[in-house]
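A.B. asks: Handing you a structure now.
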Amino acid sequence: YYLPGGGILQIGAFDKEFTDYILTRQQLAPAARIPDFTLVKLQTFSTVNDAWARGVQAAYHQQFSMLPGWLKGFGIESNVTLVDSHIEEYDAATSSTGRAEFGLLPGTAKTTANAAGFYEAHGAELRLSMQYVGRQLFTLGGSKAEDTIDDERTTLDFAASYRFTPMWQVY
């Protein structure tokens, strides 16, 4: 939806169905040919026939051009993605529990969000941005207890530039 003054409000939904989804698996294996090492980490790949990811995305962008004078350079932009995904990590034969174990697709966080406040006017461009990525599976490790998990993280970034002339800009 296009808002007055050039803003945008966007909402979408998605459903992705995967066949032959490639997984990274990591396990400890005997190091037969390496002296002084009894175990090494072995990284392999396998495929899974049934996997999916479903979710919604929402985004908002608005520069406040309706404000008076120099204030009209301020604006915000933000987006959020909420995902539910599914994959069989371990079948009953390879699971440490003796039953199939399921989880999220590797590299897929349930929540990802971005937000930024900015100022763009009179040659100046300033932006303070934040990104949040929720906890996510990185590599299968032989059992759920040995999987490699990326913890949730939030990052901040600030960028600034000033354009003196059409040919000269400082960043």
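A.B. asks: Any chance you could count how many residues in region 84-125 are hydrophobic (A, V, I, L, M, F, W, C), outside any loop (DSSP other than H, G, I, E, B) and either within 30 Å of V56 (Cα to Cα) or in contact with a strand residue (DSSP E or B) (Cβ under 6 Å, 6 or more places away or on another chain) (or both)?
C.D. replies: Total satisfying the criteria: 7.
A.B. asks: Is there a residue being out of contact with any His (no Cβ under 6 Å at 6 or more places or on another chain), open to solvent by less than 60 Å² (accessible area, probe 1.4 Å) and at pLDDT 95 or above anywhere in region 84-106?
C.D. replies: There is no residue in region 84-106 that is out of contact with any His (no Cβ under 6 Å at 6 or more places or on another chain), open to solvent by less than 60 Å² (accessible area, probe 1.4 Å) and at pLDDT 95 or above.
A.B. asks: For A116, state whether it is at pLDDT 90 or above, crowded, with 16+ Cβ neighbours inside 10 Å and among the small types (G, A, S).
C.D. replies: Yes: the conditions hold for A116.
A.B. asks: Okay, next question. Any chance you could count how many residues in region 124-171 are at pLDDT below 95, of a type in the set (S, T, Y) and within 30 Å of S46 (Cα to Cα)?
C.D. replies: Residues meeting the conditions: 3.
A.B. asks: Looking at this structure, is Q43 of a type in the set (S, T, N, Q), touching a residue at least 60 places away in the same chain (Cβ under 8 Å) and either surrounded by fewer than 12 Cβ atoms within 10 Å (Cβ to Cβ) or part of a strand (DSSP E or B) (or both)? Before the answer, list the steps.
C.D. replies: Details: of a type in the set (S, T, N, Q): yes; touching a residue at least 60 places away in the same chain (Cβ under 8 Å): yes; either surrounded by fewer than 12 Cβ atoms within 10 Å (Cβ to Cβ) or part of a strand (DSSP E or B) (or both): yes.
Yes; evaluated as a whole, the condition is true for this residue.
A.B. asks: So, Q62, is that one open to solvent by less than 60 Å² (accessible area, probe 1.4 Å), in contact with a Gly (Cβ under 7 Å, 6 or more places away or on another chain), modelled with pLDDT of 90 or more and more than 26 Å from I8 (Cα to Cα) or not?
C.D. replies: No, not satisfied.
A.B. asks: I would also like to ask the following. Using the structure shown, decide if T81 is surrounded by 15 or more Cβ atoms within 10 Å (Cβ to Cβ) and of a type in the set (S, T, Y).
C.D. replies: Criteria met by T81.
A.B. asks: Residues being assigned to a strand (DSSP E or B) and either open to solvent by 60 Å² or more (accessible area, probe 1.4 Å) or touching an Asp or Glu at 6+ places or on another chain (Cβ under 7 Å) (or both): count how many of those fall in region 140-159. Spell out the reasoning first.
C.D. replies: Taking region 140-159 first, the residues assigned to a strand (DSSP E or B) are 140, 148-150, 153-159.
So of that shortlist, the ones also either open to solvent by 60 Å² or more (accessible area, probe 1.4 Å) or touching an Asp or Glu at 6+ places or on another chain (Cβ under 7 Å) (or both) come out as 140, 149, 153-158.
Final tally of qualifying residues: 8.
The values are calculated or read from the model by the stated rules, or taken from the named source; none is laboratory data. Remember, it's a predicted structure, so these values are computed and weren't measured experimentally. Methodologically, a virtual Cβ is constructed for each residue, glycine included, from the backbone with ideal geometry; neighbour enumeration extends over all protein chains shown. These area figures cover heavy atoms from the full protein model, side chains too; ligands, DNA and RNA do not enter into them. Shrake-Rupley method; radii C 1.70, N 1.55, O 1.52, S 1.80 Å.
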